[in-house]
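Take a look at the structure below.
The values are calculated or read from the model by the stated rules, or taken from the named source; none is laboratory data. None of the values given here were measured: they were computed from a predicted structure. Cβ: placed from backbone, ideal geometry, glycine included. Neighbour counts: every protein chain shown. The protein model used for the area step is the full one, side chains on, heavy atoms only, and it has no ligands, DNA or RNA in it. Shrake-Rupley method; radii C 1.70, N 1.55, O 1.52, S 1.80 Å.
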Amino acid sequence: MTDQQLAALRQTYSQRTLTEADVLPDAVGQFRAWLEEAIAAQLDEPTALTLATVNEAGQPAARIVLLKGLPNDEGFLFFTNYDSRKGQELASSPLAAMTFFWPGLERQVRIEGRVEKALESVSTEYFQSRPRGSQVGAWASPQSQPIRSREELEQREQEIERQFAGQEPLPRPPHWGGYLLRPQRVEFWQGRPSRLHDRIVYERVGLDWRLSRLAP
C-alpha cells in the first residue's frame with residue numbers, strides 16, 4: 001500500500017449524536033451505560049483499553065489491558081504484575097490515562113486520573129477466580145523482563161505446575177494484583193459526519209463533576 005492509498009482511507013461516522021441532555025451527571029455512571037451498550041452490541045473485546053503510563057524520564061508507554069471492574073463507581077479496576085514495566089512506572093508516577101475505542105458504535109472514551117493499588121482482598125479474590133492456567137502463568141512469567149527463549153518460559157510454567165500440584169486455587173503471587181484508576185477527567189467522544197464529532201468532557205471538582213463540550 002502506498003502512502004497516498006493509506007492517507008485516502010477514511011470512514012464517515014453518522015450512527016449517533018451526543019448532547020449534554022443525553023448524558024448522566026456522573027462520569028463513571030455514564031461510562032457504565034456506554035460499556036453496557038458495547039457489550040450488548042457484541043463488539044469484540046468491549047472491555048479492552050489502552051493504558052498509558054510515563055517513566056521518571058517522561059517517556060510515555062502504552063499497552064492494551066482489560067477492565068475488570070468499576071467498584072462503587074469510584075474508578076476503573078485492572079490487574080497486572082506489579083514488577084512489570086507498567087507497574088514500575090505507576091510506582092514512580094501514579095498518574096495514568098485510559099482510552100476505550102468501540103469502532104462498531106463510533107465511540108471512544110478517554111480517562112485520566114490517579115492510580116492506586118487495589119485492596120489485597122480484591123486482588124486475591126480476582127486472582128483465584130481466574131482459570132488455573134492463568135494463575136500458573138502469573139507465577140511463571142517475570143513480566144517485561146528479558147528471557148532467553150520460549151522454552152525457558154515453558155520450563156518455568158512446568159516448574160510452577162509441579163510446585164502447586166493438587167492445589168486449587170493457587171495462592172496469589174505477592175508481585176501480582178490490581179490497580180484502581182480514580183478518574184479526574186473523562187471524555188465521551190461520538191463520531192459525527194465531516195469530522196465534526198461530539199465531545200462531552202467531565203472534570204472532577206471536589207465531589208462533583210463539571211460538564212462541558214469540546215470542539216472536535
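Some points to look at:
- Options Leu95, Leu77; residue that is open to solvent by 80 Å² or more (accessible area, probe 1.4 Å), modelled with pLDDT of 95 or more and either at negative phi or acidic (Asp, Glu) (or both): Leu95
- Long-range neighbours under 9 Å by Cβ, at least six apart or interchain, first residue more than 24 Å from Ala27 (Cβ to Cβ) within region 73-87, second surrounded by fewer than 19 Cβ atoms within 10 Å (Cβ to Cβ) and of a type in the set (A, V, I, L, M): Tyr82/Ala91; Arg85/Ala61
- Residue in region 56-70 that is farthest from the chain's Cα centre (by Cα), counting only those that are touching a residue at least 12 places away in the same chain (Cβ under 8 Å) and open to solvent by 50 Å² or more (accessible area, probe 1.4 Å): Glu56
- There is no residue in region 99-122 that is polar (S, T, N, Q), assigned to a helix (DSSP H, G or I) and open to solvent by less than 50 Å² (accessible area, probe 1.4 Å).
- The set of residues in region 51-94 that are closer than 23 Å to Val122 by Cβ and β-branched (Val, Ile, Thr) comprises Thr53, Ile64, Val65, Thr80.
Every residue, every condition in (1) open to solvent by 70 Å² or more (accessible area, probe 1.4 Å); (2) without any contact (Cβ under 8 Å) to a residue 60 or more places away in the chain; (3) not charged (D, E, K, R), yes or no:
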| position | (1), (2), (3) |
| --- | --- |
| Trp139 | no, yes, yes |
| Arg148 | yes, yes, no |
| Gln163 | yes, yes, yes |
| His175 | no, no, yes |
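- Qualifying residue in region 125-134 (condition: surrounded by 13 or more Cβ atoms within 10 Å (Cβ to Cβ), closer than 24 Å to Leu170 by Cβ, in contact (Cβ under 8 Å) with a residue 24 or more places away in the chain and hydrophobic (A, V, I, L, M, F, W, C)): yes
- Within region 177-199, being among the polar types (S, T, N, Q) and open to solvent by less than 20 Å² (accessible area, probe 1.4 Å) holds for one residue alone: Gln190.
- Counting the residues of region 205-216 that are out of contact with any helix residue (DSSP H, G or I) (no Cβ under 8 Å at 6 or more places or on another chain) and either surrounded by 14 or more Cβ atoms within 10 Å (Cβ to Cβ) or part of a strand (DSSP E or B) (or both) gives 4.
- One residue from Pro146, Pro142, Pro173 being in a loop (DSSP other than H, G, I, E, B), in contact with a strand residue (DSSP E or B) (Cβ under 9 Å, 6 or more places away or on another chain) and farther than 23 Å from Leu67 by Cβ: Pro142
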